[in-house]
Structure formats: C-alpha cells, structure tokens
Amino acid sequence: MLTLNPVFAALSLIAALILRLIVQGGRPQIKAILRAALFMALITVLNPVFSHHGVTVLFFLNDLPITREAILYGAYMSAAIMAVVLWCGVLSSCMTSDKVIHLVGRAFPHLAVLISLTLRFIPLFKERFKGIIDAQRAAGVNDETTMIKKLSFYIKAFSALVTMILEDSIDTSDSMKARGITLSGRTSYSDFSFHFDDAVVLALVLSSAAYLMISGAAGFVDLSFYPVITPLPVSVKALAAYAAFGVIAFIPAAKEVIAWRHSRLRA
Amino acid sequence: MKRILAVTAAVLAALAAVFLLTFETVGDHYKETDTVISDASVTISVSCAELCGNGDVGKALRDSGLVPDDGVIIPETQYPISEGDTVFDVLRAVLKDNRIHFDYTDISDRSAYVKGINNIYEYDCSDISGWMYSVNGIFPTVASSEYTLSDGDVILWQYTCDLGRDVGDTYYTLHGSDAA
C-alpha cells in the first residue's frame, strides 16, 4: 500500500504549498518557505551520512560509501515530510471547531466537544501567555538579564497561566452547563448543508482514492530507492494514478480559486 | 552574545568536520595496497546461498540482481594476516580488494557490526535475517572485531534468513529464540 513514488510526494508538496499561499497570503510566507527549504536540504544532506545503501557510490566518508541512492532518498523523504507539515498547517487554519463538530458531532458528541475545546484552547493559551508576559514587562517587574533569571521569569508567567487556565475552565464548564450541555435531546447548531456540488466533489475524491488504493495494491506505481532506483512507472495505469492523486491534492486549492473568482464577479 | 555563540558553534562544527571526517574518492578508496608479507594466513569466503532458492525467500533481492546465481560473493580466498588481526579486519580488507560494497557500524573499533555486504542488508529477507560469521565451523558469540585470528583459520561469512539456524548455527536451536 505504501508507495515511495516521488511523483506523489512532489504533487502533494506543490499542492500544499499553493494552498498555503492562497489561505495564508504570499508575503509573510517567504520566510517560512526559506526555512522549509533549509530543513529539506538538511535532511537531503544528512540521510546519506546515516544510510550507506545503494549501488552508485559517489565518494567515501570515514570508510563508508556515500551513495546517490541515499541522497535521492533523502530528497524524496524531505519532500514527503515537508508536504505533511504544510498540509497540517493548512488543516489547522481551515478546520475550525464548528466544522469538527458538524462532521463528528452526531456520531461522537463527547469527542466532538472535547476536540473543539482543545482546538480552541491551544491558541487561547498562547494568547493568554503572551498577555501575561506583556503585562509583567509593562509593569517593569521582569528581570531578563541572565539566562537563569529569564527562565525563572517565564516559569512564574507559566504558573500564572496555569491558574488562569483553571479559572477559565471553571467558567467554561459553568457556561456550558447553564446553556444545557447536560440536557438530553440536545442538538448542535450547524452552518453547513450538503449540496449537489458537494456530492460531485465527494464522488470525485472517493473514486480517485479507490483507484489509488487499487493501483497501490496492484503495484502500478511501485518504485524503490534501495539498492537500485527502479525507473519511474509511466504506464497508462500509473499516469492515471498520478492524475487521481492530483485531483485529490488540488481540489482544495481549486475550490479556493473558483470561490474567490465567483465572489469577485458578484461584488 | 547570540552571534558569538553561533560563530563558536560554526567553528567547532568545522573543526569537527576536518578532524573527524575523512573524504576519499572511489579511486582512492579502492587503491591497490602493498601486499602484506606474512607467514600466517587465513581462508575467507562470503556467501549468500540462503537467498538462492526458488521460493519467496530472497525473491526481492534476487530481482534486484544483487544475488549471484550460486550465492558466492567471495570464493574461498587465502589472505595473509598480521599479529592481532580480527575477523572484521580481514573481511573489510578482502571486500575492499574486490571492490564490493560494505556497510557496518563501528563503535570506536571495539565491537563492529556488519550491516550490509554487496548491498544485501540485515532485515532484507525477514526480521531475523543478517550476516553471520563462523570460524572453523564454529559460530563465536563475540563481535567479529573482537575475534582475533590465528594461522590457518577458515572464516565463513553467511547471510542467514533464520537467526543462523539455516546456516548451521545451533545457538537458537539449543536456547530457543527467547535467548536473544
């Protein structure tokens, strides 16, 4: 099932990058992209130092072979890891708690509440922590001259944060109880409905995923890096699998582009 | 302060790279060395015959073209040894002479572990596969770099797919797999 085909990694990376640029804007992303490129270069360089598998020896380092296969595998792996990181970033900025509740709320109501609370609390705590530190600094009670004093300042701020969180959670639970979270027959508000175009996209995604699973199981797209890099599969079946993956990967970006174009026309 | 730290770290890393890393081109690595003149010699051979059957065992490796038809990577070879040479030293030297890929973990020259020979690696065949050595038909329970050779020893390196049971080691047959 798991394939090492670099086409998928490349498609996934490109699609995630484009989507991230659309969702979070271009300018502030340049630094993040540079950091990602540096991380990828580091993995590409480090993999051949630890893995000496491969038939094409480029040179020897400390008596052990540095191979082309290991370098290319490092490049592939770094692209795959970076794609996952980018997708997670996009997910966290797109997947708001009301969407989570809408998706899993009916089947697992308790789990959905928990997830949505967690999703809310992480940025909230970050904000609160920054607020505490800003307040301390503004009051002039901070002493950050040495490493140890700085650390103790942050520990104090953290302890204040914990107190604040505990009070917050009591407030939250009181508020939830007051609004009837414990009553039976409770329904949750949802802003989403299932339209014809949703059905089209769902069918597209499901059929693409099904074809990908079949081609993965049947080995249409198999490729291995070690010990010899096997040629990239370019049969019609393999090309269809790349296209199917492209459909899944590029649907979110395409949706954003189409939605924005329509909204501009209407305005 | 931060800049000083960063510069110091960079300088230290560069020094470590210069002193701890040795670069060799492929030509330099496989350069002909002067033959050692010595009274003592051993016989060494390297084989992956266990992978040569027709079954599923080793099929992926056979397909990649790394397994010789008869499984012989190094045929029986006489090799001169000097005082204190270990099984690991001889293996490394013979593979270098024959320009064969060799990968190992070397814990400060104390107990080396052979990971791969000729791109055939540990775990390539199953979870309990890898390279084992025997000297005069006995499978020692020490690392190959801790076994000091004497004149006339016969070393056999074999690829096992079954914790040594398929190449003639009886340790796990007698003690059971739990003994690992």
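Just a few scattered comments:
- You will find that of B:THR35, B:THR43, the residue that is in contact (Cβ under 8 Å) with a residue 40 or more places away in the chain, among the polar types (S, T, N, Q), surrounded by fewer than 10 Cβ atoms within 10 Å (Cβ to Cβ) and more than 23 Å from A:ILE66 (Cβ to Cβ) is B:THR35 and no other.
- Failed item in (1) surrounded by 10 or more Cβ atoms within 10 Å (Cβ to Cβ); (2) under 30 Å from A:THR145 (Cα atoms), with B:MET1 passing the rest: (1)
- Residue match in region A:219-229 (condition: over 26 Å from the mean Cα position of the chain (by Cα) and part of a helix (DSSP H, G or I)): no
- Selected residue [on the phi > 0 side of the Ramachandran plot and touching a Leu at 6+ places or on another chain (Cβ under 7 Å)] from B:GLY58, B:GLY84, B:GLY65: B:GLY58
- Unmet criterion (only one of (1) surrounded by fewer than 21 Cβ atoms within 10 Å (Cβ to Cβ); (2) under 28 Å from A:ASN62 (Cα atoms)) for B:ILE155: (1)
- Some residue of region A:179-194 being surrounded by fewer than 16 Cβ atoms within 10 Å (Cβ to Cβ), among the basic types (Lys, Arg) and part of a helix (DSSP H, G or I): no
- Only a single criterion out of (1) surrounded by fewer than 13 Cβ atoms within 10 Å (Cβ to Cβ); (2) within 11 Å of chain A (Cβ to nearest Cβ); (3) closer than 30 Å to A:ASP222 by Cα is not satisfied by B:ASP56, namely (2).
- If you filter region A:105-136 down to residues that are under 26 Å from A:THR187 (Cα atoms), among the β-branched types (Val, Ile, Thr) and surrounded by 12 or more Cβ atoms within 10 Å (Cβ to Cβ), you find that the one that is farthest from the chain's Cα centre (by Cα) is A:VAL113.
- Those residues of region B:16-30 which are within 11 Å of chain A (Cβ to nearest Cβ), surrounded by 10 or more Cβ atoms within 10 Å (Cβ to Cβ) and either closer than 16 Å to B:ASN98 by Cβ or not polar (S, T, N, Q) (or both), in sequence order: B:ALA17, B:LEU21, B:PHE23, B:GLU24, B:VAL26, B:ASP28, B:HIS29, B:TYR30
- Wholly within region B:1-100, helices (runs of 4 or more DSSP H) carrying at least 1 residues that are at pLDDT 90 or above and touching a strand residue (DSSP E or B) at 6+ places or on another chain (Cβ under 9 Å): B:87-97
The values are calculated or read from the model by the stated rules, or taken from the named source; none is laboratory data. Here the structure is a predicted model, which means the values were calculated and not measured. Virtual Cβ from ideal backbone geometry, glycine too; neighbours counted across all protein chains shown.
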